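The values are calculated or read from the model by the stated rules, or taken from the named source; none is laboratory data. What you see is a predicted model; the values in this text were computed from it and never measured. Backbone-built Cβ (ideal geometry, glycine too); neighbour counts: all protein chains shown. To get the accessible areas, we keep the full protein, side chains included, count just its heavy atoms, and leave off ligands, DNA and RNA. Shrake-Rupley method; radii C 1.70, N 1.55, O 1.52, S 1.80 Å.
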Amino acid sequence: MCGIIGYVGKRIADRVLIDGLKKLEYRGYDSAGISVFRDNKIELFRKVGKIINLETELAEKGLNSRIGIGHTRWATHGKPTEKNAHPHISHSKKIVVVHNGIIENYQQLKKKLPASYKFISETDTEIIAHLLEYYYIKLKKDKNISTQNKYLLAMQKTISQLKGSFAIVIMFSDNQKEIFAVKKDSPLLLGIGINEMFITSDITAILSYTNRSINLEDGDFIVISKNKYKIFDKDGKETNRKINIAQIDTNVTEKSGYKHFMLKEIHEQPQIIEDIILTKINRENNEINFRDLNLSKKDINNISRVIILACGTSYHAGLIGKFLIEDLAQIPCEVDVASEFRYRSHNRVIDKDCFVIAISQSGETADTIASFNEIKKLKPKNLMICNVINSTLTKKADNVIYTRCGTEIGVASTKAFTSQLCILFLVSLFLGRQRNILNDKRYNEIICELLKIPQKMKNTIDSITPVMEYWGKHFYQKNSFLYLGRNINYPIALEGALKLKEISYIHAEGYPAGEMKHGPIALIDENMPVLTIATESNVYEKVASNVEEARARNGKMLVIATEGNKIIKNIADFVCFVPKTLDILSPIINIIPLQFLAYFIAEMRGCDIDQPRNLAKSVTVE
Ligand code: F6R
């Protein structure tokens, strides 16, 4: 979603800003802009569409400012137009701001300002610039307040009016040396360089300049200049925060020879899963080692119910988690879409013996944060499964298990999903073991098969790539797809359909195969590809019957089946074979062909695979 970068230092600011904004492209955006000083005045440069449009315009300007702020906007309030793009400037052009988050009461606040304040954009952000200026002009007249305090006081007064979430970065036209910022419920961090300082919503934007950063806390006010930074807490007291040193992995932002990040990330999956398994399983006794999980055997035995909260792909991982937890640990489990959960009344049904698991790749998803905040009030035991270290959700949870799959740049989630599945699998096994549900024989059989999964994923990638490329060429012109699966592979049907929708813009629906006859079967004719996950399981025969039913309506039957299945060809038009494994482990393999299929179809359609339209990598607004 929206991205922020601010820079003050020895370099030419617009170049640093554009470079940083490019690193933020992966988050999803539809316009971009920067603001720098020219001839002692604040100037705005904004463009709709890709950053290259902005870069091209700036190339001819010969700007020389050493201070500036920049933003990528993902439209919420008002269409993606140049007027709505950030930065936004105040009434008399004294103050310029960029903002991530949402100001919920911006309409009410507009009415509080004098009528002379004219609003140029449709955004919720512009009010911040005007309010700041309104207070700053008043404070400026007060001779008893130091100039620096005037900036901070104007910010404090403005912030006290705002409802919602925000990370705001500000420049004042009478101050060419400093950038100001404030945050609440939206990530912001300070980058510390040598003779230069940065402020950003995502460390990726500044990693090529510095690996030293400070994660700011809610309510913090920040002032940065070339050689100095100051942080004030929500009470206005100057404070210190811990400096983090990021491990710079240059591989992260490189495609390493792959055409797209998504393709690279699909290929990374076997190695990631192997790393997770080998770090969590003690090979001497096969026991799972969750050092980070602060739950006693008694706590685990007392768990009455598991509640999983997540959105999108992470929600699909959660749905598979339900099967695993109920099967391996025999604990009832429910999974909720976070945006739905947050507005239901739960007080009566949640108690302290519930175990809440929130899942999020980014750790910044607004709905997941809000639902987690809600449920935490009831003090259940809780766990966060997350990829991004130190993200907002990780700070709220009592226990965190990181998926450690590396930065996911492709907007469509792939490696984050399989790593979430792997962690959920290990958590379920761990809970089952602690509750004495799994005897040694079954436990060791499962571990033994789990250890083979990375190699099976590699084999799958090798064998199915040409098959999916062929399917892609064959089906890329279709308008609609139906994905079917049953039991633990029903969420895989949902996830496969989501991948196709996201990156190819083809309508796709995931359905439990047995439910097809209750409605979606009406859609099936010779133009409808029906992709069914029919790998070996206790419901294989049932799924095969569902394939027959769809075939009888002339649907084009595409089937994912287990290697060695000799009869599937009799009922399928196209078959893709995957290696045999346990049913409970099959989702981690079965998703791979569906990721590839979405990829190849999107490629044939000429879509922007890594940055699909309208989508954002981390959805920081409700
Ligand atoms: C789909 C996708 C989204 C995210 C969802 C939740 O490919 O990436 O559906 O899964 O926005 O994001 P996180 O996991 O960051 O909370």
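Structure summary
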| item | result |
| --- | --- |
| Looking only at segment 90-122, and only at residues there that are surrounded by fewer than 20 Cβ atoms within 10 Å (Cβ to Cβ), within 30 Å of T365 (Cα to Cα) and polar (S, T, N, Q), the one that is nearest to the chain's Cα centre (by Cα) | N105 |
| Test: residue in segment 123-133 that is assigned to a helix (DSSP H, G or I), polar (S, T, N, Q) and open to solvent by less than 40 Å² (accessible area, probe 1.4 Å) | no |
| Breaking point among (1) within 16 Å of the ligand (Cβ to nearest atom); (2) modelled with pLDDT under 95, for N294 | (1) |
| Qualifying residue in segment 246-257 (condition: at pLDDT 95 or above, assigned to a loop (DSSP other than H, G, I, E, B), closer than 29 Å to S208 by Cβ and in the same structural domain as G363 (by TED's automatic domain parsing)) | no |
| Wholly enclosed strands (runs of 3 or more DSSP E) of segment 461-535 bearing at least 1 residues free of Cβ contacts under 8 Å to residues at least 40 places away in the same chain and either within 20 Å of C576 (Cα to Cα) or touching a Phe, Trp or Tyr at 6+ places or on another chain (Cβ under 8 Å) (or both) | 507-512, 529-534 |
| Residue within segment 401-412 that is away from the ligand (no atom under 16 Å from the Cβ) and at pLDDT 95 or above present | no |
| Members of segment 313-372 found to be of a type in the set (K, R) and either in the same structural domain as K183 (by TED's automatic domain parsing) or open to solvent by less than 60 Å² (accessible area, probe 1.4 Å) (or both), listed by number | R342 |
| Those strands (runs of 3 or more DSSP E) lying entirely in segment 1-89 with at least 2 residues open to solvent by less than 10 Å² (accessible area, probe 1.4 Å) | 3-9, 31-38, 67-73 |
| Number of positions in segment 538-556 that are touching a Lys or Arg at 6+ places or on another chain (Cβ under 8 Å) and either closer than 19 Å to P587 by Cβ or crowded, with 22+ Cβ neighbours inside 10 Å (or both) | 4 |
| Residue count, segment 302-333 (criterion: out of contact with any strand residue (DSSP E or B) (no Cβ under 6 Å at 6 or more places or on another chain), within 17 Å of I375 (Cβ to Cβ) and more than 14 Å from the ligand (Cβ to nearest atom)) | 1 |
| Matching residues in segment 394-419 - criterion: being of a type outside the set (V, I, T), open to solvent by 30 Å² or more (accessible area, probe 1.4 Å) and over 18 Å from F372 (Cβ atoms) | R404, G406 |
| Where D336 falls short, out of the listed (1) within 16 Å of the ligand (Cβ to nearest atom); (2) under 27 Å from A167 (Cβ atoms) | (2) |
| Members of segment 393-438 that are in a helix (DSSP H, G or I) and either touching a Gly at 6+ places or on another chain (Cβ under 7 Å) or among the polar types (S, T, N, Q) (or both) | L393, T394, T418, S419, Q420, L424, S428, Q434 |
| Single unsatisfied condition, F425 versus (1) more than 16 Å from the ligand (Cβ to nearest atom); (2) closer than 18 Å to D336 by Cβ; (3) touching a residue at least 40 places away in the same chain (Cβ under 8 Å); (4) not polar (S, T, N, Q) | (2) |
| Flag if Y136 is touching a residue at least 24 places away in the same chain (Cβ under 8 Å), open to solvent by less than 10 Å² (accessible area, probe 1.4 Å) and on the phi < 0 side of the Ramachandran plot | yes |
| Count of segment 202-220 residues which are open to solvent by 10 Å² or more (accessible area, probe 1.4 Å) and in contact (Cβ under 8 Å) with a residue 40 or more places away in the chain | 7 |
| Selection count where residues are modelled with pLDDT under 95 and among the aliphatic types (A, V, I, L, M), scope segment 88-108 | 2 |
| Condition broken by A598, with the remaining ones in (1) more than 30 Å from M262 (Cα to Cα); (2) in contact with a helix residue (DSSP H, G or I) (Cβ under 7 Å, 6 or more places away or on another chain) satisfied | (1) |
| Boolean, L153 is assigned by TED's automatic domain parsing to the domain that holds I67, free of Cβ contacts under 8 Å to residues at least 60 places away in the same chain and closer than 26 Å to F372 by Cβ | no |
| Test: residue in segment 477-498 that is more than 16 Å from the ligand (Cβ to nearest atom), on the phi < 0 side of the Ramachandran plot and out of contact with any strand residue (DSSP E or B) (no Cβ under 7 Å at 6 or more places or on another chain) | yes |
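Let's see how each residue does on (1) open to solvent by less than 60 Å² (accessible area, probe 1.4 Å); (2) of a type outside the set (F, W, Y); (3) part of a strand (DSSP E or B); (4) under 18 Å from A544 (Cα atoms):
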residue	(1), (2), (3), (4)
N565	yes, yes, no, yes
L585	yes, yes, no, no
I592	yes, yes, no, no
L597	yes, yes, no, no
D608	no, yes, no, no
N614	no, yes, no, no
S618	yes, yes, no, no
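Each row is one residue, and each column tells you yes or no for (1) modelled with pLDDT of 95 or more; (2) within 33 Å of the chain's Cα centre (by Cα); (3) acidic (D, E).
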| site | (1), (2), (3) |
| --- | --- |
| P520 | no, yes, no |
| L523 | no, yes, no |
| V530 | yes, yes, no |
| S537 | yes, yes, no |
| V559 | yes, yes, no |
| E563 | yes, no, yes |
| A572 | yes, no, no |
